[in-house]
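Peer 1: Following this message is one structure expressed as structure tokens.
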Amino acid sequence: MEPQSKIPQATAKRLPLYYRFLNNLHLQGKTRVSSKELSDAVKVDSATIRRDFSYFGALGRKGYGYNVEYLLEFFRKTLHQDKTTDVALIGVGNLGTAFLNYNFTKNNNTRIVKAFDANPDLVGERVGEVTVEHIDQLADQLKDIEAAILTVPGHAAQTIADTLVQAGIKGILNFTPARITVPTDVRVHHIDLSVELQSLVYFMEHYPIN
Ligand code: ATP
């Protein structure tokens with residue numbers, strides 16, 4: 001059940017989407033699914049789904065479709081769903097607080113186990129499942145933590161990223177407007193919510209659907 005070769009990045013990005021849908025089917029007791037059903041649900045055309053699934057060694061059969069159990073098992077392994085990834089959050093402002101209150105484990109196996117902030121009024125406060133720690137503790141408190149979410153103001157992002165990298169963090173989800181520089185073995189995904197919203201409005205105006 002190992003992938004034949006390295007899965008293309010575009011395919012890899014769709015894995016969580018497939019996983020979530022198949023997991024729901026499984027919970028409903030369904031044992032198989034057609035590429036058409038999948039396609040309608042995840043809004044990916046069925047040719048792409050067939051090509052994606054061929055990388056997983058899952059060959060759908062005409063009139064039968066795909067075996068849900070087999071695919072789920074594959075995704076669980078590939079997406080490391082059989083282990084939980086511990087994540088730290090830095091910056092317990094509006095956005096950070098929302099993330100701490102949001103139960104990520106509902107849909108995937110990541111959980112925020114630590115939170116840090118520079119504001120002394122927040123330190124010691126319980127938010128969601130964690131107690132906020134002072135940012136000065138950051139470097140010493142990242143044992144066994146693999147990834148971090150940055151929800152600090154942009155001007156603080158690089159210094160904090162440097163500390164995270166030094167402590168061995170290999171993945172950063174950056175919600176600040178700042179672009180951060182990290183060594184090549186550290187992965188940064190950047191999500192700028194205001195840019196995304198602006199972009200949505202631009203596309204709505206300039207590329208209307210229908
Ligand atoms: P948000 O942008 O999440 O809506 P906000 O508007 O409440 O947050 P920001 O000024 O963006 O506030 O700061 C987010 C949080 O980051 C605040 O709780 C702030 O105390 C914290 N913060 C600011 N600078 C640092 C820093 N250098 N280290 C750690 N935390 C910081």
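Peer 1: Among residues belonging to segment 140-171 that are near the ligand (Cβ under 10 Å from one of its atoms) and under 19 Å from the mean Cα position of the chain (by Cα), point out the one that is nearest to residue 109 (Cα to Cα). Spell out how you get there, then give the answer.
Peer 2: Initially, segment 140-171 is screened for residues near the ligand (Cβ under 10 Å from one of its atoms), giving 150-157, 159-160, 163.
Subsequent filtering for residues that are under 19 Å from the mean Cα position of the chain (by Cα) retains 150-152.
Values: 150: 19, 151: 21, 152: 24 Å.
If we take residues in segment 140-171 being near the ligand (Cβ under 10 Å from one of its atoms) and under 19 Å from the mean Cα position of the chain (by Cα), then 150 is nearest to residue 109 (Cα to Cα).
Peer 1: Right, next: Name the single residue that is farthest from residue 68 (Cα to Cα) among those in segment 25-39 being in contact with a helix residue (DSSP H, G or I) (Cβ under 9 Å, 6 or more places away or on another chain) and surrounded by fewer than 16 Cβ atoms within 10 Å (Cβ to Cβ).
Peer 2: Ranking the qualifying residues of segment 25-39, first place goes to 36.
Peer 1: Here is a further query. Considering segment 97-134 alone, what residues qualify as being open to solvent by 40 Å² or more (accessible area, probe 1.4 Å), part of a helix (DSSP H, G or I) and within 16 Å of the ligand (Cβ to nearest atom)?
Peer 2: Correct list: 97, 98, 101.
Peer 1: Output yes when any residue across segment 193-209 is within 16 Å of the ligand (Cβ to nearest atom), assigned to a loop (DSSP other than H, G, I, E, B) and among the hydrophobic types (A, V, I, L, M, F, W, C), and no when none is. Quick ask: steps written out before the conclusion?
Peer 2: To start, the set of residues in segment 193-209 that are within 16 Å of the ligand (Cβ to nearest atom) comprises 193-197.
Next, only the ones that are assigned to a loop (DSSP other than H, G, I, E, B) stay: none.
No, there is no match, as no residue in segment 193-209 is within 16 Å of the ligand (Cβ to nearest atom), assigned to a loop (DSSP other than H, G, I, E, B) and among the hydrophobic types (A, V, I, L, M, F, W, C).
The values are calculated or read from the model by the stated rules, or taken from the named source; none is laboratory data. Quick caveat: nothing in here was measured; it's all calculated off a predicted structure. Positions of Cβ are generated from backbone atoms using ideal geometry, with glycine treated the same way; all protein chains shown enter the neighbour counts. Remember, those area values only see protein heavy atoms, side chains included, never the ligands or the DNA or RNA. Shrake-Rupley method; radii C 1.70, N 1.55, O 1.52, S 1.80 Å.
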